[in-house]
Amino acid sequence: KQAQLMEVLKKEVRAMLIAAKAGLTPEQLEEQYMAMVCKPLPLRDLGFQSTLELVTQMPEVVRICSSKNGALILRAIADDSTKGIAKLVASQKVKTRSKASKKTATKANATFPTKNSKNPQSFQALSARAPVLPATVRAELQDLLSSSPLLLGDLDKAFLRRFGRAFQYRQYGFLSMSEVLRSMSESIVVEQTKAGSLLVLRKCLANKVEQEEVPQGEAQEEEMPQGEAQEEEMPQGEAQEEEMPQGEAQEEEMLQDEAEEEEMPQDEAQEEEMLQGELSPTPEIPPDAVQDKSLCSLPPLKRRCLVGVMVEFVVSPSQFYIHICGTEASYKLQDLMFEMRHVYSHKVSSDKYIMPESAVRPGQLCCVMVSKWWYRVIIHRVINDQEVEVFCADYGHLQIVQKSWLRFLKWHYSKLPAQAIPCSLAWVKPVEGMWSSAAVLLFKHLCRFKELVGIVDEYVNGVLYLFLCDTSTKEDVYFHSVLRDMGYADVCGENVPSQEFEELNPSALYVQPSGKQGNAEVVEPELRLQQESRDADSGTATSKLDGAKL
């Protein structure tokens, strides 16, 4: 068993190190293994005391190097089956370069991969894209700066103190902190002071100007993203801090103690609801709490359109979830999470939305706190008296959480469509009937922390089938071609219904479609790819899809 485990581990370690062009430290290897496989390296099972001791027993897989600062760097030794991938990674650009000619070609013409094409280079994809911070990390940076500006030199310490982990921007594809700040220039301003670069949230700058004409109290109200909605739910002073001012907290505690002594029925009922989860009268549930409503999905994408996407959650190449990048809805999700954190982090407000036991049932739309952030979720199943499994409608994953973490979702937080789109990779099927762990691991590495180009093929049973292309390398990398060349997939020229989604598709169960998503409504026989052109005389660029080749 140890020998078999070691062989599997060698493949996984080689795959992770090949995907890391600059190599990984032993600590980074541990983190990436946990992120990819969802469990720690099996050191004890194999009789090792440390990761370094493990990799020294893989001389044919790992080369141990030393960096300029003396740190140990682990690099992959490619075998015959992975030399192609290693070559692709080695050709990956260090800096984003302009692809003006490629952009022009994209606007002028675009054709689709065909069944017989080995790697459809005839398709001119979108130009290379800059790395993108996940929405939660962007919101964390905004949250960190919302209380006061920070010197750039103090950012790492402040981030670690606030969120309990280091801000490792390199894992998201950034080469420097300046690149991170440029990517967030719409929300963070860098001011040069005598003490150094000062990071300021744009909202704080705007409010600072307004305070010259607006009374101080009103200006502080406008700083809060939730505005009037939050003002109705809690005292004005509480809307300015995550914790109640000490005087008010003590006053409320005294009032609660007096209520217990006098045995007021209403307060007893509230206490029972919070501590024992007993059935509470309907009037005690806030009128804006969602009780019988579903989120709707995003409108279906037109066939053959090109979109920037981020892969958020992967089960296999036949079951994963994406976000559409650069749309108004994607920015609204970031703002929504930021606002929900402010609202539900206040105890007085949060306690109003505690869910009674009768409301904790499958299909209930609500929200849950995970790692200090609040997510919109649908209860999938009740596991026991303390735990439930929920589906995160904006990110696509199922997760087991404590019942006590659940809260009713405020009504206006349900207006934004669910952002996670269920997807399958177009035109591929696993060679062995089901995807191997190595194939899944490779696919995750291809997708991780990158903005990709998605080429829409069609919808099948509510699942979006699309091609994925990485344009950040010298040559465009098509994921279906990589999986085929590695021997993990067959390119079949048609979309095989996803077995994983047939077994369980939470989006289909709990999210209402936005309009009709049937193929007849989305796919037109003579549909042509249309892309905008600044030259009015050139007309609209089009490209026909050859039905015979399909």
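Things to note:
- The shape of the range 339-487 comes out prolate: with a ≥ b ≥ c from the C-alpha gyration tensor, a/c is at least 1.5 and a/b beats b/c.
- Heavy atoms of residue 323: accessible area, 1.4 Å probe, square angstrom to 10: 20 Å²
- Per residue accessible area of the range 1-90, 1.4 Å probe, in Å²: 59 Å²
- Rounded accessible area per residue of the range 135-202, 1.4 Å, Å²: 51 Å²
- Three-way shape label, the range 135-202, alpha-carbon gyration tensor, a/c 1.5: rounded
- Measuring with a 1.4 angstrom probe and ignoring ligands and nucleic acids, residue 77 comes out at about 50 Å² accessible.
- Spatially near lysine pairs across the range 1-90, Cα under 19 Å, sequence gap of 8 or more or different chains: 13
- Available extension along the chain between residue 431 and residue 147 is 96.9 nm, counting 0.36 nm per residue and deducting the alpha carbon span.
- Whole-percent carbon and sulfur share, accessible surface of the range 135-202, 1.4 Å: 53 percent
- Prolate/oblate/rounded call for the range 1-90, Cα gyration tensor, a/c under 1.5 rounded: oblate
- Per-atom-type breakdown for the range 378-506 gives carbon and sulfur 48% of the accessible area (1.4 Å probe, protein chains only).
- Accessible area of residue 191 (1.4 Å probe, protein heavy atoms only, ligands and nucleic acids ignored): about 70 Å².
The values are calculated or read from the model by the stated rules, or taken from the named source; none is laboratory data. Everything numeric in this text was worked out from a predicted model, so none of it was measured. Surface areas here come from the heavy atoms of the whole protein model, side chains and all, with no ligands, DNA or RNA. Shrake-Rupley method; radii C 1.70, N 1.55, O 1.52, S 1.80 Å.
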